[in-house]
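Below is one structure, written out as structure tokens; comments come after it.
The values are calculated or read from the model by the stated rules, or taken from the named source; none is laboratory data. Everything numeric here is computed off the predicted structure, so don't read it as measured data. Note that we place each Cβ from the backbone using ideal geometry, even for glycine, and neighbour counts take in every protein chain shown.
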Amino acid sequence: MKEVFFYENTQNTNSNYMECTVCIEKRWDTMKKHNTVPKILMIIIWAFILLLIRYYFKISSLSDLMKFIEYNKGLSTVTFFIISSIRIFALLPGMPFMIMSGILFDPIVGFTLCMLSIIISETLIFILGKNSYNMKFINKINNKFPQLMHVSKKYNYKFLVLGILCPISPTDIICFISSYMGLSYRNFLLTIIIAHMPLILIYNILGQSFLYSTYYFIFLAVTLFVISIYLISIWNKVMRPTPQ
């Protein structure tokens with residue numbers, strides 16, 4: 001009797017598992033069919049923002065933008081902070097915001113805004129990584145960046161630092177993978193802050209030099225280029241497939 005009961009129970013469990021798998025696959029196929037909706041919605045939102053800036057706020061040049069910020073410091077600060085904090089949902093990189101902070105704000109305010117927005121945006125990515133149960137999405141990342149999972153597991157937070165500093169690395173995806181691979185939030189946050197501090201400072205100064213000194217801007221740009229070449233060489237070396 002026990003063997004019969006166990007067999008029937010196993011059959012029911014397998015049947016329920018197969019039904020659940022089929023439901024998940026159907027739901028995934030439905031989501032794929034409607035995947036264009038969020039993209040179209042995002043385009044509409046950005047078009048609305050650009051039209052609002054151009055025709056409502058009357059901003060059509062950098063000088064107009066600087067005047068607007070000068071007379072609307074509170075609104076400008078809050079708007080910059082919100083957009084830079086939720087940039088991940090619009091698939092925007094963080095570097096342009098670091099440079100813009102140097103152009104639009106004084107050094108202390110620009111640095112503080114950038115650091116706080118990065119902490120918020122990367123924390124959102126950390127939460128998504130910790131609560132990601134969509135294996136198809138993980139496999140999609142693994143297929144596109146086959147070495148990331150392996151290298152992240154091997155080097156842990158050291159690879160996260162390189163992913164933040166290297167200009168060609170998919171930083172937000174590396175943050176997601178670091179969270180998914182089990183890095184604690186404390187270590188994740190400390191790494192994010194320490195690695196971003198020199199980046200924000202350099203890009204902030206680069207933005208300021210764009211307004212005040214062409215020669216200083218060129219010097220910083222060339223220096224960043226040389227450092228970037230070095231970091232890219234390290235990235236390529238680390239990401240090189242290991243021989244079997």
Residues in the stretch 221-237: is at least one touching a Leu at 6+ places or on another chain (Cβ under 6 Å) and more than 22 Å from residue 117 (Cβ to Cβ)?
-> yes
Checked against (1) under 19 Å from residue 100 (Cβ atoms); (2) in a helix (DSSP H, G or I); (3) modelled with pLDDT under 90, residue 235 satisfies every condition except (1)
Determine which single condition residue 209 fails, assuming it passes every other condition in (1) under 25 Å from residue 124 (Cα atoms); (2) surrounded by 18 or more Cβ atoms within 10 Å (Cβ to Cβ).
-> (1)
Scan the stretch 125-140 and give yes if some residue there is touching a residue at least 60 places away in the same chain (Cβ under 8 Å) and closer than 30 Å to residue 221 by Cβ, otherwise no.
-> no
Of the criteria (1) at pLDDT 70 or above; (2) in a helix (DSSP H, G or I), which one residue 59 fails | (2)
Restricting attention to the stretch 222-242, does a residue exist that is in the same structural domain as residue 162 (by TED's automatic domain parsing), surrounded by 14 or more Cβ atoms within 10 Å (Cβ to Cβ) and under 22 Å from residue 66 (Cβ atoms)?
-> no
Test: residue in the stretch 95-112 that is among the aromatic types (Phe, Trp, Tyr) and more than 13 Å from the chain's Cα centre (by Cα) | yes
